[in-house]
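Take a look at the structure below.
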Amino acid sequence: MLTFHTPLDLVRERLPELPVACVRPERVSIAATWFRGNFPGEVLYAVKANPSPWALDAMYATGLRWFDVASEEEIKLVASRYPDAKMAFMHPVKSRKAIERSYFEHGVRVFSLDCEAELEKIVAATQRADDLTLVVRLAVNNADAMYALSNKFGASAENAPALLRKARGFADNLGVSFHVGSQCMNPSAYRDAIELASQIIREAGVILDVVDVGGGFPSAYPGMTPPDLELYVKVIKEAFEEMPVAMNAQLWCEPGRALVAESSSILARVELVKDGALHINDGSYGNLFDAAHCKWPFPVKAHRPDGEFEGELQGFKLYGPTCDSMDTMEGPFVLPTDIREGDYIEIGMLGAYGVAMQTRFNGFGETETVGVRDLPWTSMYGPLVVEKPARRVSRKAPRRLKVMR
Ligand SMILES: Cc1ncc(COP(=O)(O)O)c(C=O)c1O
């Protein structure tokens with residue numbers, strides 16, 4: 001991968017025409033190593049958060065072998081890169097053909113479900129296989145999450161016991177899973193969910209082999225400073241120890257965001273400044289879905305290819321490149337007052353659900369990927385330490401910008 005020391009070096013050397021994903025594989029390694037070292041169970045990477053090959057490779061290089069996949073495309077992607085990968089098909093609604101091919105062609109043995117109809121599909125499509133791990137997804141409270149995921153999936157506390165009993169009859173291993181919602185700001189949400197799962201298991205009277213606490217582990221965005229990840233792990237470990245499950249039951253987690261969020265930023269070019277707003281070449285149909293639709297306060301920096309910013313700072317609204325008026329990132333994004341056409345904006349903390357959400361609407365969306373060696377905005381994995389670059393690709397000295405944080 002073409003790599004620059006900093007995004008500013010890239011701007012000054014290349015004047016990129018397309019939006020650029022500035023990626024830091026090292027940050028993925030740090031996050032995956034932390035989870036594998038601290039989570040008291042198996043860590044599955046939720047591929048949907050960022051399926052980029054560089055991110056998967058960084059994860060795999062740490063020894064991570066389990067992947068939470070949601071579709072056949074994700075299965076094919078993981079299988080094509082890592083013959084020894086293990087995959088859990090954790091989408092609670094799958095087509096029969098997808099189940100069949102994943103089982104018979106790709107060796108998938110773990111399937112999630114949240115209703116009897118899906119159980120019937122899995123059993124039929126695998127020809128009543130006797131080596132299935134069936135994971136019943138439970139509906140749990142998402143009130144502590146910044147991005148709730150509770151509306152669509154999950155068996156209710158009322159329906160789950162019967163479903164677990166039924167699934168037990170077809171499962172070599174039986175599990176429960178839940179998702180407390182993405183960017184969960186309170187570790188006790190996991191304890192509450194585990195306690196609810198325990199009640200349901202007791203009521204079902206089944207032996208449980210797997211407890212999957214899902215994703216939801218947070219990253220640090222401006223204005224959203226979560227408790228330390230150590231606390232999440234502690235709460236989960238303590239609550240798991242109290243669960244009425246088999247002595248050798250396994251504990252799993254499926255983080256997406258927390259493994260990749262801080263690894264990438266997006267560099268977009270300013271195409272026009274008009275009426276206090278910046279029109280840029282990336283937007284809600286590109287890499288900025290969450291900035292537009294969830295109004296998340298992603299951090300920004302301005303980069304000028306040929307000089308320095310002199311103005312004060314002010315808040316700007318950003319418009320994406322498509323003709324759709326929903327392609328708007330309200331912000332406000334605090335940037336230099338004198339920002340102008342041809343300058344670049346770097347939007348940080350977009351490694352999760354950034355490039356993964358991109359479309360080609362209106363003919364836009366193509367994004368280059370370039371490695372950078374600078375540090376992310378913030379980190380959940382200890383203090384950020386500036387390292388000396390081994391070798392600079394850029395020959396031009398980056399000039400200091402007044403507005404850089
Ligand atoms: C089943 C499942 N597992 C894991 C994740 C990853 O969640 P997060 O990115 O919040 O860690 C998701 C996200 O949608 C999910 O649906």
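The values are calculated or read from the model by the stated rules, or taken from the named source; none is laboratory data. In this text, all values refer to a predicted model and were calculated from it rather than measured experimentally. All Cβ positions, glycine included, derive from the backbone under ideal geometry; neighbour counts span all protein chains shown. For the accessible areas, the whole protein counts, side chains as well, though only heavy atoms, and no ligand, DNA or RNA atoms are used. Shrake-Rupley method; radii C 1.70, N 1.55, O 1.52, S 1.80 Å.
Split the accessible area of the chain by element, probe 1.4 Å, and carbon with sulfur accounts for 50%.
Lys and Arg at +1, Asp and Glu at -1: add these up for the other residues within a Cβ distance under 9 Å of Ser379 and post the number. Before the final figure, lay out each step's value.
Values: positive: Arg27; negative: Glu262.
Charge balance in the 9 Å sphere: 0.
Just the Cα atoms of the chain, one point each, no solvent: what log10 I(q)/I(0) does Debye give at q = 0.08, 0.10 Å⁻¹? Summing over Cα pairs of the chain leads to -0.46, -0.69.
For Glu271, the solvent-accessible surface with a 1.4 Å probe is about 70 Å², rounded to the nearest 10.
Counting only protein chain heavy atoms and rolling a 1.4 Å probe, the accessible areas of His179, His293 rank, largest first, as His293, His179. Separation of the range 26-47 from the range 251-329 is 27 Å, based on Cα centroids.
So between Met326 and Arg81, what do we pick up on full extension, going 0.36 nm a residue minus the alpha carbon distance? Write down the numbers at each step before the final one.
Working: separation 245, 0.36 × 245 = 88.20 nm, distance 3.68 nm.
In short, 84.5 nm is gained.
Lys-Lys pairs in the range 25-260 that are eight or more residues apart or on separate chains and whose Cα atoms lie under 24 Å of each other come to 23. As an equivalent ellipsoid, the range 25-260 spans semi-axes of 25, 23, 15 angstrom, where each value is the square root of five times an eigenvalue of the C-alpha gyration tensor, largest first. Each peptide in 207-220, 35-48, 180-193, 328-341 was scored by the mean count of other Cβ atoms within 10 Å over its residues; highest first, the order is 207-220, 180-193, 35-48, 328-341.
So how much slack lies between Glu73 and Met185, counting 0.36 nm per residue of separation and subtracting their Cα-Cα distance, in nm? Can you show the working numbers first?
Numbers: separation 112, 0.36 × 112 = 40.32 nm, distance 3.10 nm.
Working it through step by step, the gained length comes to 37.2 nm.
Compared with the dominant principal axis of the Cα atoms in the chain, helix 229-241 is inclined by about 0°.
For the chain, the longest principal axis of the alpha carbon atoms and the long axis of helix 188-204 meet at an angle near 20°. Electrostatic bookkeeping for Gly256 treats Lys and Arg as +1 and Asp and Glu as -1; over the other residues with beta carbon under 12 Å from its beta carbon, the sum is -1. Only lysines eight or more places from Lys274 in sequence, or on another chain, were considered; those with a Cα closer than 23 Å are Lys295, Lys301, Lys317.
Among residues other than Met87 whose Cβ falls under 10 Å from its Cβ, what is the net charge (Lys/Arg +1, Asp/Glu -1)?
Numbers: positive: Arg65, Lys86, Arg109; negative: Asp68, Glu74.
It works out to a net charge of +1.
What does the convex hull of the Cα atoms of the range 1-154 come to per residue, in Å³, rounded to a whole number? Walk me through the intermediate numbers first.
Values: hull volume 25.0 nm³, N = 154.
Value for the range 1-154: 162 Å³ per residue.
Once the Cα atoms are used to define both axes, helix 116-125 deviates from the longest principal axis of the chain by about 90 degrees. Distance between the modelled labels on Ala129 and Glu230, one decimal in nanometres: 4.1 nm (7 Å Cα→Cβ projection). To the nearest 500 deg cm²/dmol, what mean residue ellipticity at 222 nm is calculated for the chain from DSSP H runs of n ≥ 4 alone, each contributing -39,500 (n - 2.57), summed and divided by the residues? Theoretical 222 nm ellipticity from helices: -8000 deg cm²/dmol.
Put simply, the range 136-190 fits an ellipsoid with semi-axes of 25, 11, 8 Å; these come from the alpha carbon gyration tensor as the roots of five times its eigenvalues, largest first.
Just to confirm my numbers, what's the Cα centroid distance between the range 362-386 and the range 115-168 in Å? Rounded to whole Å, the Cα centres lie 36 Å apart.
Accessible area per residue for the range 25-260, computed on protein heavy atoms with a 1.4 Å probe, is 40 Å².
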